[in-house]
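The values are calculated or read from the model by the stated rules, or taken from the named source; none is laboratory data. For clarity, every value in this text was computed on a predicted model and none was experimentally measured. Quick reminder, even Gly has a Cβ in these numbers, built from the backbone with ideal geometry, and neighbours come from all protein chains shown.
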Amino acid sequence: MLTQYNLKMPHAVYGGENAMDNIPAIIKARGAKKVAMFTDKGIEGAGLFALPEEAVKASGAEYYVLDELPPEPSYMAVQKLVDEFKVSGADLIVACGGGSVMDAAKLASVLVTDAYGVKELLDNPGMAQKCVPIVLIPTTGRAAALLSGPPPPPVPAPRSPPTPSWLCPKRS
């Protein structure tokens, strides 16, 4: 019986028993100094956030939690979270949750260095460039299916291939 695996596509995918034990090494390998942890109150209330939080603590990096995302959020609610992330100075994202949490974290990565917001990205999804590395911990099947590529907009739109992070401008 398969109890553990590691799949490398353009990025590594860890699964199986003790997969979250890799998080401290990932954070250290990226040289992250400050980690933004995206989740929601439901995930925290269900006790699903404790293990990822402990793994981030074990890395020694400073971290903070962004958990004010309602289920099925409006673009304004996501923009509020993205704006909070932008001023944080975090250089890595760890997201634990379902589709809304995953999408908000990916949008934060895309919008951190740009002058446009969530609404503008909905109108023109091709402008997206992922600029902050992300560790995604899905808690639902739908979220697990959406882990690769740019953040899917809340409305149907064509998806473009992910932009390598080395093409993103450096943050000041």
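For region 28-59, a tally of residues being without any contact (Cβ under 8 Å) to a residue 24 or more places away in the chain and within 21 Å of Val78 (Cα to Cα) returns 2. Does Tyr75 satisfy being within 29 Å of Leu122 (Cα to Cα), at pLDDT below 90 and in contact with a helix residue (DSSP H, G or I) (Cβ under 8 Å, 6 or more places away or on another chain)? Yes. Kindly indicate whether Glu84 is surrounded by fewer than 18 Cβ atoms within 10 Å (Cβ to Cβ) and farther than 25 Å from Ala29 by Cβ. Yes, satisfied.
Listed by first and then second residue, the pairs with beta-carbon distance under 6 Å, at least 6 apart or on different chains, first residue in region 123-149 and at pLDDT 55 or above and surrounded by fewer than 14 Cβ atoms within 10 Å (Cβ to Cβ), second part of a helix (DSSP H, G or I) and not hydrophobic (A, V, I, L, M, F, W, C), form an empty list. Quick one: Leu92 ticks every box in (1) under 22 Å from Val35 (Cβ atoms); (2) free of Cβ contacts under 8 Å to residues at least 12 places away in the same chain except a single one, so which number is it? Result: Leu92 fails condition (2) only.
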